Structures are given as structure tokens and as C-alpha cells.
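The block underneath contains the structure these notes are about, expressed in C-alpha cells.
No lab work stands behind these numbers, since they all come straight from the coordinates. As the structure is a computational prediction, the values presented were derived from the model and not from experiment. Virtual Cβ from ideal backbone geometry, glycine too; neighbours counted across all protein chains shown.
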Amino acid sequence: MNTPNWFLALPLPTRARWQDAAASAPPPLRRFAPEDLHCTVAFLGACGEQRALAAWEAVASLPACAITIHAGGWRPLGSPRQPSAYGVTLAAGHGQLCALLQDWEPLAREAAGLLPSTRPPLPHVTLLRPRRRDAALVIAPMRAWMAQAPLPAGPVVLEELALWTWDPDRRERLFRITQRRPLG
């Protein structure tokens, strides 16, 4: 197994069932388990556990309120030429999450000894990921599917901050939470 990535994120409650909206997507895509769904606050990459814990300590005690989100629309994520994932942007909660990312991501990355991110904040929830060998094959079918795909239903309240890394098995779940605390 490669060196695992680490990130800070707001987990979606499993009862929200946002993964159901991806059920009819083209078959070669991997669907995320309900326990893996999250809104990333700071991606730390393969920084190692100690640096990830330093990032956690930098933001875990910062005040924040629970955030209510609602799906905005489907979009490819990553490279426009060959997306590495597919997910939904946010309508409700977008502004609050952008502000949170702008405040917390630089603090977390600095504490982990990482350079600041150069990407603008893009609050979203990833629901599908193609295998690398299939990424180019699913672009056209996914474009057609996203044009008519259902959106996840209803508002969801994000109530926790968590430190995540890869799940050691990665067959059923991609990620595991190592630290968590309530918002608000």
C-alpha cells in the first residue's frame, strides 16, 4: 500500500443517504460508502501521522457552528481532461464552508509543515471515483449521466470535524476517522 493521505473534513451523517443519488451512475465507478462521505476542510496528502496530528491540533479547538448543506449540482472533480472523481457541489452551506476553508486550511497546512494550497475553495461531496485505468472511459457516459442524475435529497447538518486517513483494507471503505470533535 502507498503512503496514506490525511485530511481534515466534516463527515456527513450516514442517515443522510447521499450515496443513494449515485446508485444509477455508470458501472465502472466506485461508489463511496456512506461512512466515507465528507466535505474536505484541508487536504494534507501523504504528510504522515505526526504532521496530520499537528494540523488537527491547529484547528480542532477553533470555534465553529454546525453547517446545514444542500446539494447544488453534479460535477467532475480533478483534471477537466480526465476527472479523478465525481461529486456534488453545495447550494446551501456553500458560503459558510468557503469561509471555513479559507480560515482553517492555511492554519492546518502550516501546522503540518505544508505549503499553502493554491486552489480556490470548492465545497463539495465526492460520491464516485473511477479506477485510474477506467477514468478516460467514463468521461462521456458520466457527462450524459450527470445531465439527468438525481441530486441527494434534503438538507444535511454537518455537526463534526474529523481527521481522516486511508482505511487499511480499502475494500469496503476508503477512509477511517482517527480524531473527531463536535462543531458548535
Can you tell me which residue is nearest to L62 (Cα to Cα) among those in the stretch 97-111 that are surrounded by 22 or more Cβ atoms within 10 Å (Cβ to Cβ) and not aliphatic (A, V, I, L, M)? E105
Working only within the stretch 131-158, note down all residues that are buried (at least 17 other Cβ atoms within 10 Å of the Cβ), out of contact with any Cys (no Cβ under 8 Å at 6 or more places or on another chain) and closer than 16 Å to R15 by Cα. P152, V156
Provide a single number: the residues in the stretch 39-96 that are among the aliphatic types (A, V, I, L, M), buried (at least 21 other Cβ atoms within 10 Å of the Cβ) and closer than 24 Å to R17 by Cβ. 6
Subset of the stretch 87-104 that is without any contact (Cβ under 8 Å) to a residue 40 or more places away in the chain and touching a strand residue (DSSP E or B) at 6+ places or on another chain (Cβ under 8 Å) - its residue that is farthest from R30 (Cα to Cα): Q96
Can you pull out the residues in the stretch 10-38 that are charged (D, E, K, R) and either surrounded by 19 or more Cβ atoms within 10 Å (Cβ to Cβ) or without any contact (Cβ under 8 Å) to a residue 24 or more places away in the chain (or both)? R15, D36
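Please state which one of P123, P116 is surrounded by 20 or more Cβ atoms within 10 Å (Cβ to Cβ) and either within 14 Å of L77 (Cβ to Cβ) or in contact with a helix residue (DSSP H, G or I) (Cβ under 6 Å, 6 or more places away or on another chain) (or both).
Values: P116 fails: surrounded by 20 or more Cβ atoms within 10 Å (Cβ to Cβ).
That would be P123, the only listed residue that is surrounded by 20 or more Cβ atoms within 10 Å (Cβ to Cβ) and either within 14 Å of L77 (Cβ to Cβ) or in contact with a helix residue (DSSP H, G or I) (Cβ under 6 Å, 6 or more places away or on another chain) (or both).
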